[in-house]
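What follows is a short report on a single structure.
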Amino acid sequence: MSQHRVYTVCMPNTPHPSPLTRELIALIRERYALDWHGIHGASHWARVRLNGLTLAARTGADTRVVELFAFLHDACRLDDGYDRDHGWRAMRFTETLLGTHIFLPDRAFSLLMQACGGHTVNPSHHDTTVQTCWDADRLDLGRVGIVPDPNRLGTVAARDHAMIEWAYRRSIGRPLRQCTAV
Ligand SMILES: [Fe+2]
């Protein structure tokens, strides 16, 4: 009998149903100009989503905004380098989806726009939901060889050493949570 080591992560309970529909993901994939499996592609977005939902359980961030940010903030990149304007392009793209693929109250949509638009240029934000989005993204820097710096994280939940280690390990493909299954 052989044993297979498998890794599991638990998706935190969220107060809202996920706004990430199959149709929205298909549209984002159609729009995305880079490698879907690259450093700014879908696996990064999935980790940002889980980082964000995990943080939101402590920060009280709007999970709808967190989930949409995860899959939209890098969707309009034109290269995997600095690409300073990709946040602004993501914001403009997000704007086109309101009422067809994104359904949010005005305030939540405004926060989503600010989170996408500002994530490339602003170090911090006064709103907890926006800051949670940015922390979720920065906690995934391990994939490009950077250990997240607590001084660049804005929420207490993200600066927690255990949170940084958990996210960092996932970002480099070595999840902390694991179980052994037969
Ligand atoms: Fe990102």
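The values are calculated or read from the model by the stated rules, or taken from the named source; none is laboratory data. Every value quoted in this text rests on a predicted model; they were computed, and no experiment measured them. Every residue, glycine as well, gets a Cβ built from its backbone with ideal geometry; the counts of neighbours run over all protein chains shown. Each accessible area value is taken on the protein alone, full model and side chains, heavy atoms only, with ligands, DNA and RNA left out. Shrake-Rupley method; radii C 1.70, N 1.55, O 1.52, S 1.80 Å.
For a quick protection proxy, order the peptides 122-132, 48-58, 159-169 by their average other-Cβ count within 10 Å, most packed first.
Averaged packing, sorted descending, gives the order 48-58, 122-132, 159-169.
Relative contact order for the chain using alpha-carbon pairs under 8 Å, separation at least 6, rounded to a whole percent? Computed over the chain, the figure is 29 percent. Label sites at residue 80 and residue 151, each approximated as a point 7 angstrom past Cα along Cα to Cβ, lie 2.9 nm apart. Solvent-accessible area per residue in the chain equals 52 Å², computed with a 1.4 angstrom probe and all protein chains kept. Tell me, in nm to one decimal, what length is gained between residue 103 and residue 172 on full extension, where the rule is 0.36 nm per residue of separation less the Cα-Cα distance? So the chain would gain 21.5 nm between residue 103 and residue 172. Here is the size of the chain from its Cα atoms: Rg then Dmax, 16.0, 56 Å.
With kT/(6 pi eta Rh) evaluated at 20 °C and eta = 1.002 mPa s, and Rh the Kirkwood radius from Cα pairs, region 82-182 diffuses with a coefficient of 142 µm²/s according to Stokes-Einstein. To put it simply, the accessible area of region 1-113 at a 1.4 Å probe is 54 percent carbon and sulfur.
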